[in-house]
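Have a look at the structure below, then the notes.
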Amino acid sequence: MASKFSPLITIFFILLCTLHHNGEARDPFACDPKDVTTKNLPFCKVSLAISERVNDLIGRLRLEEKVNLLVNSASGVPRLGIKSYEWWSEALHGVSNVGPGTKFGGQFPGATSFPQVITTAASFNASLWEAIGRVVSDEARAMYNGGVGGLTYWSPNVNIFRDPRWGRGQETPGEDPLLAGTYAVHYVKGLQGTDGNRLKVAACCKHFTAYDLDNWNGVDRFHFNAQVSKQDIEDTFDVPFRMCVKEGKVASVMCSYNQVNGVPTCADPTLLKRTIREQWHLDGYIVSDCDSVGVFYSSQHYTSTPEEAAADAIKAGLDLDCGPFLGLHTQDAVKKGMLSEGDVNGALVNTLTIQMRLGMFDGEPLSQAYGHLGPKDVCNPAHQELALEAARQGIVLLKNNGPSLPLSPKHHHNVAVIGPNSDVTITMIGNYAGISCGYTTPLQGIGNYARTIHQPGCANVACSDDKQFGPALDAAHKADATILVMGLDQSIEAETKDRAGLLLPGLQQDLISKVADASRGPTILVLMSGGPVDISFAQNNHRIASILWAGYPGPDGGAAIADILFGAANPGGKLPMTWYPQEYLTKLPMTNMAMRPSQSEGYPGRTYRFYKGPVIYPFGHGLSYTHFVHTIASGPKLVSIPLNGHHHVNTTNFSNKAIRVTHARCGKLSITLHVYVKNVGSIDGTHTLLVFSTPPLGGGHWVPQKQLVAFEKVHVVAKAQKLVLVNIHVCKLLSVVDKLGIRRIPMGEHVIHVGDVKHHVSLQATTLGIIKS
């Protein structure tokens, strides 16, 4: 057909399309000011309350149109000027192209990739997590403005790293509920912005709940029924999600594939409607993990018909389906009377409200608050420097005999760099990553400080033969120092791939030991991994002077590793998970969800809070090139807990000595410790102050042996000291959970641990709140 436009106008439209594809312009999603048929409709009027606009829009939609909005690939409504939208984007540690909502290319060839979450968590630096979130949302908005990204990001993953074999443990902030929850709060705040009810991007805390098994010993996540006690739900699995919703004000929560106590999480009204929405007051939407509704119908056979599955999910509180299932079966569920159109409307209220809070119904995106962001704001030097700094802060020094580190460029001129992870790129960014702005491998980073002799030693991390051992041993014998970069990658631990054991793969241990024996200078072992590894052989080998854990340190991880090795940066990271010996797994099926040990079953319990056996490295372990000393300057010795009204304390058993949190007047009742941190070494350093509490004795085996109650990051120059204020909310952080799932505050003496220093504080119930020093 001949064009009805002049050649000049045709060229103009071609140019516009090219600009859009290359990421320079985006047409309005809805409420285009140029569309006279819709721009004056109430749902397009920014002056009205969002709730009014949402109700107006829903009132104009037909049932078929509503149903087509219940899925991640939501259809447009052309008659109302609304375009299609892809809800699924990912930003676990940088804008990713894992979800179909984001496409790299043109003026957006990549995005800043930060270290994998487990590495960043090791920094124990909440302000860093929030800063990363701000950078990621800047880049996400820039890509949205350029027409190549979405605004709804299904991140972060805040599941508890319960079992060391879990392939997705790398995506999480570790094994401690407070650490995971604090990470969630700050990363979400960074992503979503601080513009009141308006959102920069919409974050999502996932996967709710008790999800931490992918594929182990014939059991996969699509069929797993997690049998979880009320106690473990309350004091472990739900904690990060509750904090994410109540404190982080997250815009979304994702339900998981697994069942919990026989009910699929995405069909459980107790979890979705009563817990997330009614108890925690989620101001946002609930989305399924991808095809979860289809999974509980077809794989778990939870319902007999697809219409029942659709009805169960929506009535339970699900608002959006990642997958086609609700789009295919909801209309028939309504026709068959299993579901009302009002139920569908309720789901749409939650999703459309988020889109309006994002400004998607406010017309021209480039004229809005974040409309100035564009290609110049992606992969810029400041963002890449933050990613490098995050890697430096997350690297953990596990061992340093001598000390052998830091190395000196003056004395270590020739350095052997050995190992299957010594010159890797993609390995460093872990999973759920996008396309990085660029890479600095460990070999390249070390090469900035010394001449390198490179030998991989093994073809890959599987290290299935010793054919390349010889040249590696020769290199170690010639060099002034030897750096082995070993560990895991996504072929060993990943989504859908849990590990069978905790040892290094293949012949890696053999290579490390032989290189250490052959090395003329100090031997340094650097490990890349998401999960813990049993490297007791290396810890106990005096020929291996130092060990670093780098996690998956991001695209500039090689530079960060080198900066630590040669002393340009002082390590300050701490392990966010326990490193267990291989023997720990003997009586520990991944399918056993119990956190607490069982003597009768020989079950050891999980995480530092409940496991009392031998470890390779404990939770919170991490060395520095300097030494810090703690002194508690002041803190209360007695805290009275005021009770509500008629509640009294019955001291006949421990449960009654422990007051229900709901019976106490908690308010802002906190303990404040004044702690001096002194750097007694000769090198400036940033110290990670971890504060634990031990509840009073007498609570039985179900009380944690200790639990993290606070952490602070403080930079102290050599020979100086700083005063750190540590605030501990009594009801939130000194409480425990009984066997019925009830949170209680134990009366009696609590011990607060700050490093190797202890502070004793007694809690007592009273009708008046008293704090005494």
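In table form, for the structure just shown:
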| quantity | calculated |
| --- | --- |
| Residue match in segment 104-122 (condition: of a type in the set (Phe, Trp, Tyr), touching a strand residue (DSSP E or B) at 6+ places or on another chain (Cβ under 7 Å) and not in a helix (DSSP H, G or I)) | no |
| Residue count for segment 327-351, restricted to those that are open to solvent by less than 10 Å² (accessible area, probe 1.4 Å) and under 27 Å from the mean Cα position of the chain (by Cα) | 2 |
| Count - residues of segment 238-266 that are open to solvent by 10 Å² or more (accessible area, probe 1.4 Å) and part of a helix (DSSP H, G or I) | 4 |
| Failed criterion for Gly110 (all others in (1) touching a residue at least 60 places away in the same chain (Cβ under 8 Å); (2) under 27 Å from Asp362 (Cβ atoms); (3) surrounded by fewer than 24 Cβ atoms within 10 Å (Cβ to Cβ); (4) of a type outside the set (Asp, Glu) hold) | (2) |
| Filter result for the condition that a residue is modelled with pLDDT of 95 or more, in contact with a strand residue (DSSP E or B) (Cβ under 7 Å, 6 or more places away or on another chain) and either surrounded by 15 or more Cβ atoms within 10 Å (Cβ to Cβ) or of a type in the set (A, V, I, L, M) (or both), over Gly554, Gly573, Gly567 | Gly573 |
| Qualifying residue in segment 139-147 (condition: part of a loop (DSSP other than H, G, I, E, B) and within 30 Å of Gln368 (Cβ to Cβ)) | yes |
| Matching residues in segment 494-524 - criterion: being open to solvent by 20 Å² or more (accessible area, probe 1.4 Å) and β-branched (Val, Ile, Thr) | Thr496 |
| Options Gln231, Gln279: the member that is under 22 Å from Ala180 (Cβ atoms), without any contact (Cβ under 8 Å) to a residue 24 or more places away in the chain and not aliphatic (A, V, I, L, M) | Gln279 |
| Conditions (1) over 19 Å from Asn350 (Cα atoms); (2) touching a residue at least 60 places away in the same chain (Cβ under 8 Å); (3) more than 19 Å from the chain's Cα centre (by Cα); number of the one not met by Leu179 | (3) |
| Of all residues making up segment 189-216, the number that are basic (Lys, Arg) and closer than 16 Å to Ser292 by Cα | 1 |
| Test for Leu282: is it assigned to a loop (DSSP other than H, G, I, E, B) and not charged (D, E, K, R) | yes |
| Tally, over segment 494-526, of residues that are outside any loop (DSSP other than H, G, I, E, B) and within 28 Å of Val219 (Cβ to Cβ) | 3 |
| Hits in segment 252-308 (condition: small (Gly, Ala, Ser) and closer than 14 Å to Cys204 by Cα) | Ser252, Ser256, Gly284, Ser288 |
| Residue in segment 185-205 that is surrounded by the fewest Cβ atoms within 10 Å (Cβ to Cβ), counting only those that are touching a Phe, Trp or Tyr at 6+ places or on another chain (Cβ under 8 Å) and in a helix (DSSP H, G or I) | His186 |
| Selection count where residues are among the small types (Gly, Ala, Ser) and in a loop (DSSP other than H, G, I, E, B), scope segment 298-321 | 3 |
| Failed item in (1) in a helix (DSSP H, G or I); (2) out of contact with any helix residue (DSSP H, G or I) (no Cβ under 6 Å at 6 or more places or on another chain); (3) of a type in the set (A, V, I, L, M), with Ala545 passing the rest | (1) |
| Helices (runs of 4 or more DSSP H) contained in segment 1-100 and holding at least 3 residues at pLDDT below 95 | 7-22 |
| Residue satisfying condition, being touching a helix residue (DSSP H, G or I) at 6+ places or on another chain (Cβ under 8 Å) and under 18 Å from Ile58 (Cα atoms), within set Gly342, Gly359, Gly394, Gly374 | Gly359 |
| Residues satisfying the stated conditions in segment 129-161, i.e. among the hydrophobic types (A, V, I, L, M, F, W, C), open to solvent by less than 10 Å² (accessible area, probe 1.4 Å) and over 13 Å from the mean Cα position of the chain (by Cα) | Val136, Ala140, Ala142, Met143, Leu151 |
| Residues that are open to solvent by less than 40 Å² (accessible area, probe 1.4 Å), in contact (Cβ under 8 Å) with a residue 12 or more places away in the chain and over 34 Å from the mean Cα position of the chain (by Cα), drawn from segment 438-475 | Ala450, Phe469, Ala472, Ala475 |
| Some residue of segment 170-180 being touching a strand residue (DSSP E or B) at 6+ places or on another chain (Cβ under 7 Å) and in a loop (DSSP other than H, G, I, E, B) | yes |
| Tally, over segment 476-490, of residues that are within 12 Å of Lys514 (Cβ to Cβ) and either among the polar types (S, T, N, Q) or crowded, with 19+ Cβ neighbours inside 10 Å (or both) | 3 |
| Extreme residue, nearest to Phe104 (Cα to Cα), among residues of segment 364-384 that are assigned to a loop (DSSP other than H, G, I, E, B) and among the aliphatic types (A, V, I, L, M) | Val378 |
| Segment 443-493: number of residues that are more than 21 Å from Ile429 (Cα to Cα) and either among the aliphatic types (A, V, I, L, M) or not in a loop (DSSP other than H, G, I, E, B) (or both) | 19 |
| Unmet criterion (only one of (1) part of a loop (DSSP other than H, G, I, E, B); (2) open to solvent by 10 Å² or more (accessible area, probe 1.4 Å)) for Leu585 | (1) |
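The values are calculated or read from the model by the stated rules, or taken from the named source; none is laboratory data. Since the structure is predicted, the reported quantities are computational estimates derived from the model, not experimental observations. A quick note on method: Cβ atoms are made from the backbone with ideal geometry, for glycine too, and the neighbour counts reach across all protein chains shown. Side chains included, ligands, DNA and RNA excluded: accessible areas come from the protein's heavy atoms. Shrake-Rupley method; radii C 1.70, N 1.55, O 1.52, S 1.80 Å.
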